Every structure is written in structure tokens, then in C-alpha cells.
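Following: one structure in C-alpha cells, then a few remarks.
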Amino acid sequence: MKSLKLSSLVMAIVSVGLVAALGTLAETQSPSASSPSKIVTGEVAQVEGKFHMAKNPQGELTLDIEDKFYVITGQAGEEMRLELGDNTKVRKRVNPGDKIEAKISPKGHTLSVTHLEP
């Protein structure tokens, strides 16, 4: 009877350890749990993109500007290139010298760019 209680106790401890180890493994493999989005701030040093002229429905010429990436300088002086994709949310176009805050995905994609007012 004593050996049965002892073996049950050992099995319970091993089971708890195995469940804890598997839970830790699952957390480390989950990209959202191990590396959440990060926020970076800095001053825009360079803007690269493309533009073209078009006519609006009223027949007036318009300039369509599409930014492709920003190079920003962080507070410590490091430069970072922010690629802008179709899903990147940019509320207000920025220019060199503007201060911005950008949200970066765990995979390095720029999710959003916010112009910081002086």
C-alpha cells in the first residue's frame, strides 16, 4: 500500500513537470507571446517613394505621392529603415525633420506610423 502511494505521488510530480514543460515550449513557439510588437521613435532623416501626376474627375492635375520607406534616427543616434507596405497605417505624411512613432511587428513589418507634434 505504501509503495502504491509513493508511485502515485511520483507519477503526479512527473505529470505536473511534463505539463509545465510543454506549456513553456508552447509559449516559446508562439510568436505573439515571445515577441510582441515594439514601438520606435525618432526623427525622419529620409523619405523614399514614388509620385505621379494624374487628373481628378474635375480635370485638374493632382500629384499622387506614395512613400515606400522612411529612414529615422533614434535617440541614441542609430538609423533604422522602416519599410512601408500596403497595410501600414500612416495618418499624416511625414517629411525629413519630423518626429515620428512607429509600431513594428515581431517580423519587422511597419504596422503604423504616427507623426508626433512638436
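If you look for lysine pairs in the range 38-116 that are eight or more places apart or on different chains, how many of them have Cα atoms under 13 Å apart?
Close lysine pairs found across the range 38-116: 5.
Taking 1 over the mean of 1/r across every pair of different Cα atoms in the range 38-116, what Kirkwood radius in Å do you get?
Result for the range 38-116 stands at 13.4 Å.
Could you list the residues of the range 35-57 with an amide nitrogen less than 19 Å from a label point located 7 Å from the Cα of Lys103 in the Cα-to-C-beta direction?
Once the point is set 7 Å along Cα→Cβ of Lys103, 35-42 turn out to lie under 19 Å by backbone N, inside the range 35-57.
Determine, for each peptide in 70-78, 52-60, the mean count of other beta carbons within 10 angstrom over its residues, then list the peptides with the highest first. Provide the component values of the computation, followed by the final result.
Numbers: 70-78: 13.8, 52-60: 7.6.
In descending order of packing, they fall as 70-78, 52-60.
Values in this text are rule-based calculations from the coordinates and carry no lab data. Just so we're clear, the structure is a prediction, and the values are computed from it rather than from any experiment. Note that each Cβ is placed from the backbone with ideal geometry, even for glycine, and that neighbours are counted across all protein chains shown.
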